[in-house]
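Below you'll find the structure, written out as structure tokens, and then a few comments.
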Amino acid sequence: MIRIENLCCGYGGTDVLHGVSANMGPGEMVGILGPNGSGKTTLLLALAGVLPIRDGQVRIQGEDVKGIPPKAVAWRMASVPQKAETTFPLQCFSVVLMGRYPYLSFFGGYTQSDREIAGAAMRRTGIHALAERSLDAVSGGEFQRVLIARAFAQETDILLLDEPAASLDPAGVVRVFDLLKDRNKEGALVLCAVHDLNLAAVYCDRLIFLKNGRVVEDGPTEEVFNARNLSQIYDTDIRVSRHPLSCAPQAHFVPRHCASLPSDASGDSGRGDTRSG
């Protein structure tokens, strides 16, 4: 569904990504992780066709993204940016309806079907009651769900999301990622840049770690999410244990004043300890 081969791109005359390669198929939920400045957002922009590719290739459903018109790209994938701003106080429903824009005919406006699809996307994301509310009068979590509803209204098989849970409270984070996981279970490829290691490990079945613009680990969460990899990628001591319900691996950063404590005192003993990973 997405094939990346030796991708090099960046801003101005400086490359941020250096020879990145990866293949992603339908039904995967993939987390893109790595330290700040590692190239997570840059990768998503390149996949969406927003950022020019200096070298290498990105193929979306078999076609080179450089040869696909923007409207046709929007038929294939929907994007949720890390930060979105609007100059006008648009109604939430109008923003979600924009997800149907790629399907407009040259002279046509939004159809009743488009409006019904947008309404269904708002109901699915739990924001139907906000339909007539101005976008500048909603909370950060509601705003994020408006953007996700817009992406759902696009009805694509690929979702690209850049830090979809940024600035949300814990309940909002769970609500958003549950929505994404549901869409993933329906067969969509969900690719999201995530800062929260433990959140990614709970929801994503595959993780791609970037560092200094290169892929340093790529594989099933159970294989790549371990203390050795994480400590090397983030240049700090990290221990790994298990989530009490899902048993997904969970990371624990080690403060300096705890580094000398025995492992059982630092909470890493017992079932599911994967520190030796």
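The values are calculated or read from the model by the stated rules, or taken from the named source; none is laboratory data. Quick caveat, the model's predicted, so the values are computed rather than measured. Neighbour counts are summed over all protein chains in view; Cβ atoms, including those assigned to glycine, are modelled from backbone coordinates with ideal geometry.
What to note about this one:
- The residues listed here are Ala118, Ala129, Ala151, Ala165; of these, the one that is free of Cβ contacts under 8 Å to residues at least 60 places away in the same chain and closer than 21 Å to Leu47 by Cα is Ala165.
- Residue in segment 41-52 that is touching a Cys at 6+ places or on another chain (Cβ under 6 Å), farther than 17 Å from Leu189 by Cα and surrounded by fewer than 22 Cβ atoms within 10 Å (Cβ to Cβ) present: yes
- Boolean, Ser105 is more than 25 Å from Lys181 (Cα to Cα), among the hydroxyl-bearing types (Ser, Thr, Tyr) and either exposed (fewer than 14 other Cβ atoms within 10 Å of the Cβ) or not assigned by TED's automatic domain parsing to the domain that holds Asp182 (or both): yes
- Condition check for Arg123: without any contact (Cβ under 8 Å) to a residue 24 or more places away in the chain and over 17 Å from Gly31 (Cβ atoms): yes
- Pairing each residue of segment 195-213 that is assigned to a helix (DSSP H, G or I) with any residue that is polar (S, T, N, Q) and at pLDDT 95 or above, provided the two are 6+ apart or on different chains, yields C-beta distances under 6 Å for Asn198/Gln250; Ala201/Thr221.
- Hey, Gln91 at pLDDT below 95, more than 30 Å from Asn36 (Cβ to Cβ) and surrounded by fewer than 18 Cβ atoms within 10 Å (Cβ to Cβ) or not: yes
- Residues being touching a residue at least 24 places away in the same chain (Cβ under 8 Å) and either buried (at least 16 other Cβ atoms within 10 Å of the Cβ) or in a loop (DSSP other than H, G, I, E, B) (or both) - total across segment 1-21: 13
- When segment 157-191 is filtered for residues that are in contact with a Gly (Cβ under 6 Å, 6 or more places away or on another chain), outside any helix (DSSP H, G or I) and crowded, with 16+ Cβ neighbours inside 10 Å, only Leu168 remains.
- Hey, Ala78 over 15 Å from Glu163 (Cβ atoms), at pLDDT 95 or above and not polar (S, T, N, Q) or not: yes
- Residues in segment 220-241 that are crowded, with 17+ Cβ neighbours inside 10 Å, of a type outside the set (Phe, Trp, Tyr) and in contact (Cβ under 8 Å) with a residue 12 or more places away in the chain: 11 in all.
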